[in-house]
């Protein structure tokens, strides 16, 4: 789940957008950005597949 720590990280990244800062904050990135994003995609994928199985077909319109 994204938290206030996620948005704090993004604010700091915007002010320090360089490789040295990122390397020093990589563990933070993994904890507050990468893991929550992966969790969201896993959940979204499960939900999307369940919709597809239920309806048999999902239209873009």
inquiry  = Here's a check for you: in segment 1-20, which residue that is free of Cβ contacts under 8 Å to residues at least 24 places away in the same chain and in a loop (DSSP other than H, G, I, E, B) is nearest to residue 44 (Cα to Cα)?
reply    = 17
request  = Report whether or not residue 42 is surrounded by fewer than 12 Cβ atoms within 10 Å (Cβ to Cβ) and either part of a helix (DSSP H, G or I) or modelled with pLDDT of 95 or more (or both).
outcome  = yes
remark   = Sole miss for residue 56 among (1) at pLDDT 95 or above; (2) more than 15 Å from the chain's Cα centre (by Cα) is condition (1)
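The values are calculated or read from the model by the stated rules, or taken from the named source; none is laboratory data. This is a predicted model, so every value here is computed, not measured. Glycine gets a Cβ as well: all are built from the backbone with ideal geometry, and neighbour counts include every protein chain shown.
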